[in-house]
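Let me begin by presenting the structure, written as structure tokens, before commenting on it.
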Amino acid sequence: MATALPRRTKFLLDEERIPRTWYNIAADLPVPLPPPLHPGTGQPLGPADLEPLFPMALILQEVSQDREIEIPDPVREAYQLYRPSPLIRAHRLEKALDTPAHIYFKYEGVSPAGSHKPNTALAQAFYNKEAGVTRLATETGAGQWGSALAFAGAVFGLEVKVYMVRASYDQKPYRRMLMQTYGASVVPSPSPDTNYGRKVLAETPDSPGSLGMAISEAVEDAATRDDTKYSLGSVLNHVALHQTVIGLEALEQMAMAGEEPDVIIACAGGGSNFAGLTFPFLGRKLRGEADYRVIAAEPEAAPSLTRGVYAYDFGDTGRMAPIVKMHTLGSDFMPAPIHAGGLRYHGMSPLVSLLKEQGVIDAVSVHQRACFEVGVQFARAEGILPAPESTHAIKVAVDEALAAKEAGEARVILFNLSGHGHFDLSSYERYLQGALEDYEYPAEKVAESLRHLPQVG
């Protein structure tokens, strides 16, 4: 006769527990968020300035101070395809590390696109559809955001054009194929399809591209067509807002597990999955209801939070997007072609940057090979192949678990496994063959880039 299992691994919520509202951390910030500025005039942006790019519903969410914003029923219904996502206790990783720490991870790789990105893609597609928009233009780094928006376009009947960073376009052909399967049009960036792309190609024909470049192309595309709006997968306030379904579910699931996290970790490129997991917990911290140590894990090759400056800067290389106050390495900075393409960005979400500047969160930068090393260790222990971006969070979580072992403390660690790495196997192949590159912090390149920050205020 079978005996009862001695321990619980998965903490699952029923579909009716999908959050009915998103959490807006702007209501609990210690100081107001500095306003975004017009890229041409340097003056604070008004709603009319953003209307060429976004539908009014998203513009209002961008500036809202309401703590809770209702999730529309069509979006919640689409969330039912994969939400609530599981919270998993990493028993086998704990055993492999021989640590007294309790390690939990929220697994967002269960979505159709394989990452957390559909949480905002579905919302953005819905609001654009409601506004009568028929076409969306966007950029993508590793391809996870492009895949998510392509999927959301299929759900809500929108045409999608994706400018995919050239380095990732070449490294990750299956991501491109997934986007095309969902019905999106995908081109490598810099591309010959925009004035900015043609300019870059004329100057640097073999450019590997960057998120900053791809954003410029997508913004130009949207601004020059009446049927098109721009859709961004990270950085902006409304994107962080939509992602908070992750942390809202995690709060309930940690209660099911009977534990409170001591340390909460997520990787950070532009800040969306980090915000998604941590903001609901940080809201409790800011309101004095609980206390947590919250850590953003970023690549050593593009460490905006740990090495950048907190200043107003352009969100894109072509200087067409709004100027925002954030931790930045300079909009001219070209990150090395690391395989965590979603983390190859010069700046950070203004909300995340403000929290770092106020000392509410910490940040750690980690090297590429060390991340893949723990990614393989995690896959062999837990069976899930993590996306290269997520390995940054795993690396910091493992370091925290080993520190707990050294101190003899049973810390509770929670991290976000923001996506699977099934389309990143070529990266893992390079690691297993001993051919994976590592990149140091490019101090001289950053110093040069920072010399060109916009002069505002």
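A short reminder: the numbers here are calculations on the coordinates, not readings from a lab. This is a predicted model, so every value here is computed, not measured. Backbone-built Cβ (ideal geometry, glycine too); neighbour counts: all protein chains shown.
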Worksheet, complete the sentence: Between the residues Ala381, Ile323, Cys267, the Cα farthest towards the positive end of the dipole of the chain, that dipole coming from +1 and -1 charges on the beta-carbon of Lys, Arg, Asp and Glu, is from Ala381
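Going by a ≥ b ≥ c, the root eigenvalues of the Cα gyration tensor, does region 281-420 fall in the rounded group (a/c under 1.5), the prolate group (a/b larger than b/c) or the oblate group?
Details: a/c = 2.31, a/b = 1.29, b/c = 1.78.
Oblate.
If region 197-257 were replaced by its equivalent ellipsoid, with semi-axes equal to the square roots of 5 times the Cα gyration tensor eigenvalues, what would those be, largest first, whole Å? Write out the running numbers ahead of the final one.
Details: eigenvalues 275, 54, 8 Å².
In descending order the semi-axes read 37, 16, 6 Å.
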Item to complete: Tell me which residues come under 5 Å, amide H to amide H, from Ser365 once H is placed; ignore anything under 5 positions away on its chain.
Response: Glu298
Discussion item. Quick check: Cα centre of region 355-419 to Cα centre of region 34-63, how many Å?
Written reply: 36 Å
Practice prompt. Run the numbers on the chain and let me know its relative contact order in percent, using alpha-carbon pairs under 8 Å that are six or more apart.
Written response: 19 percent
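With loop defined by DSSP as not H, G, I, E or B, and exposure as at most 16 other Cβ atoms within 10 Å, which is the longest segment of the chain clear of exposed GluC sites (Glu not before Pro)? Provide the component values of the computation, followed by the final result.
Numbers: sites that count: Glu259, Glu289, Glu409, Glu437, Glu440.
Counting at most 16 other Cβ atoms within 10 Å as exposed, the longest clean stretch of the chain is 1-258.
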Worksheet item: Where does helix 211-223 land angle-wise versus the long Cα axis of the chain, in degrees 0 to 90, nearest 10?
Response: 50 degrees
Worksheet, complete the sentence: By the C-alpha gyration tensor axes a ≥ b ≥ c (rounded if a/c is under 1.5, else prolate when a/b exceeds b/c, else oblate), the shape of region 257-309 is prolate
Practice prompt. Any chance you could give the angle, 0 to 90 degrees and rounded to 10, that helix 368-382 forms with the longest Cα principal axis of the chain?
Written response: 40 degrees
Fill in: Those lysines that a straight Cα-Cα span of less than 27 Å connects to Lys405, excepting residues fewer than 8 apart in one chain
Lys10, Lys95, Lys106, Lys285, Lys395
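Listing Thr328, Thr9, Thr194 from the residue with the fewest other Cβ atoms within 10 Å to the one with the most, what is the order? Don't jump to the answer; show the numbers that get you there.
Values: Thr328 27, Thr9 13, Thr194 22.
So the residues, fewest neighbours to most, are Thr9, Thr194, Thr328.
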Item to complete: Would you please give the residues with an amide H less than 5 Å from that of His116, counting only those at least 5 places away or on a separate chain, with H modeled from the backbone geometry?
Response: none
Worksheet item: Which whole-Hz couplings ³J(HN,Hα) result when phi for each residue of region 232-238 is put into the Karplus expression 6.51 cos²θ - 1.76 cosθ + 1.60, θ = phi - 60°, listed in order with x for Gly and Pro?
Response: 10, x, 7, 6, 6, 4, 5
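Determine, for Tyr345, Tyr82, the number of other Cβ atoms within 10 Å of each Cβ, and report the residues in order from fewest to most. Can you show the working numbers first?
Working: Tyr345 29, Tyr82 16.
Least crowded to most crowded, the residues run Tyr82, Tyr345.
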Item to complete: Under a cut-off of 25 Å between alpha-carbon atoms, report the lysines in cross-link reach of Lys445, not counting same-chain residues fewer than 8 places apart.
Response: Lys199, Lys325, Lys356
Worksheet entry | Angstrom value of the Kirkwood radius, inverse mean 1/r, which spans all Cα pairs in the chain | 21.8 Å
Worksheet item: Tilt of helix 272-286 relative to the longest C-alpha principal axis of the chain, in degrees (0 to 90, nearest 10)?
Response: 70 degrees
Worksheet item: For region 317-432, what is the relative contact order in percent, using Cα pairs closer than 8 Å and at least 6 residues apart in sequence?
Response: 21 percent
Fill in: Equivalent ellipsoid dimensions for region 80-135 as semi-axes, Å, which come from the Cα gyration tensor, largest first
37, 8, 8
Item to complete: Excluding Gln368 itself, calculate the net charge of residues whose Cβ lies under 14 Å from the Cβ of Gln368, where each Lys or Arg counts +1 and each Asp or Glu counts -1.
Response: -4
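Could you size up the charge dipole of the chain around its Cα centre, putting +1 on the beta carbon of Lys and Arg and -1 on that of Asp and Glu, and report it in debye to the nearest 20?
Details: 41 positive and 55 negative charges, 114 e Å.
Roughly 540 debye, rounded to the nearest 20.
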Practice prompt. Let me know the Rg and Dmax you get for region 41-140 when you use only its Cα atoms, in Å.
Written response: 19.0, 57
Worksheet item: In region 277-317, which trypsin sites (Lys or Arg not before Pro) fall in coil by DSSP and have 16 or fewer other Cβ atoms within 10 Å?
Response: Arg287
